[in-house]
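Please read the structure below before turning to the comments.
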């Protein structure tokens, strides 16, 4: 940045006002609460505030994406920031309004990891980004472009932030096209969303520029930028911006990323926060490292099922000597351990936290995990309330309708009968649960197809599966041959 920072900032204010007044398209500013998105919003706030009232009519949405697994310190910071943004915008008659988006219940981290058994995310299977970040943000944007209206995404992306981000910015500029009413040099088409465009006002800022601006100009909605700087002190200086496509790299080393991120080898940011006095976060770091340990090759086959979620066994290599089945979701018993460890981490953190209130998993997710376990895992023991009660020594308001009419004793009896008749217990349990689910329906035509699907699953034991693996036979092909 030039030595006279005031002149540079004034020119940028002029550019922002020029782009804002050029069309009627509303703006969506991605706000994570970190330094880059804060600097971007602050620049736009000052620029728009200086416009005459009659010219600042175009809406500016401040969009924050809550993955529900953000570090509690950051969640508290963002909630307070969004409240201040709305309050001051109303007082000053500015067109800003804050909006927080969250993943759908079926897409949350804990529903997928604990409920369905998805393994902890990795570079090869990074299932979390699309569900937790891209889909919620894109849904917000699509809701505002469904009638054909165009929208401009304002992001705090910088070339200096990372080599991959610089390449994305470069490629998108090269592929940009002149659009009627929009200056192609400043605004470029979104990579995947129709009727959406992207504007990155601080793309040429260095990290030093960002901090110089934030520490020279006070935050216009009342936050203290020096408090923000303190959050970054002695930690990884990264930030997780609003994610709108799959080109965004992992935010695992960032203060403003997910505390459960296992895509990176170690969470340097949380380690630094603990070293700088936030010792109450230690249970979260221990839990994150526990999840990361399940990616170890030796550990993987201990904690994950030998069947996929569709009930089939997948053989990785058909060569007899090197054959190995592909592990599926976490085993049900291990998922119980994950839930117990998570609740224990939450309880320990709450006992020492300076925050008024926070949770690592919310009650709606607990209820949904309970439902999934009962539907998919034949959890007649009703494990979720039991685990919660053992950790917190109290009960939630569990719905009676959620509870199976069968119990642990019934399951024990069923196992004994099935063993005597050499029939897989899981097969009979699944058929019983299927009948219960369909019993109240007026039209039961689909029940026969569902029963067929149950019988088509692989019902061999893990020991038998490993024998198939040793022989180099893919069980799916073998079962198909036997059925002919």
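Data table
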| item | result |
| --- | --- |
| Lone qualifier among 98, 147, 122 - being within 22 Å of residue 86 (Cα to Cα) and outside any helix (DSSP H, G or I) | 98 |
| Residue list for the stretch 180-192, restricted to those being under 20 Å from residue 148 (Cβ atoms), modelled with pLDDT of 80 or more and assigned to a loop (DSSP other than H, G, I, E, B) | 190 |
| Selected residue (criterion: modelled with the highest pLDDT) from residues of the stretch 426-466 that are over 35 Å from the mean Cα position of the chain (by Cα) and surrounded by 13 or more Cβ atoms within 10 Å (Cβ to Cβ) | 428 |
| Residue in the stretch 324-340 that is in a loop (DSSP other than H, G, I, E, B) and modelled with pLDDT under 85 present | yes |
| Criterion violated by residue 286 - all others in (1) buried (at least 17 other Cβ atoms within 10 Å of the Cβ); (2) modelled with pLDDT of 85 or more; (3) under 22 Å from the mean Cα position of the chain (by Cα) satisfied | (1) |
| Count of the stretch 19-47 residues which are assigned to a helix (DSSP H, G or I) and either closer than 22 Å to residue 145 by Cβ or free of Cβ contacts under 8 Å to residues at least 12 places away in the same chain (or both) | 7 |
| Selection status of residue 271, assigned to a helix (DSSP H, G or I), touching a residue at least 12 places away in the same chain (Cβ under 8 Å) and touching a helix residue (DSSP H, G or I) at 6+ places or on another chain (Cβ under 9 Å) | yes |
| Residue within the stretch 63-72 that is at pLDDT 95 or above, surrounded by fewer than 19 Cβ atoms within 10 Å (Cβ to Cβ) and outside any loop (DSSP other than H, G, I, E, B) present | no |
| Qualifying positions in the stretch 347-358 - without any contact (Cβ under 8 Å) to a residue 40 or more places away in the chain and either within 18 Å of residue 107 (Cα to Cα) or surrounded by 14 or more Cβ atoms within 10 Å (Cβ to Cβ) (or both) | 350 |
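The values are calculated or read from the model by the stated rules, or taken from the named source; none is laboratory data. These numbers were taken from a predicted model, which means no experiment stands behind them. Here Cβ is always computed from backbone atoms with ideal geometry, including for glycine, and neighbour counts include all displayed protein chains.
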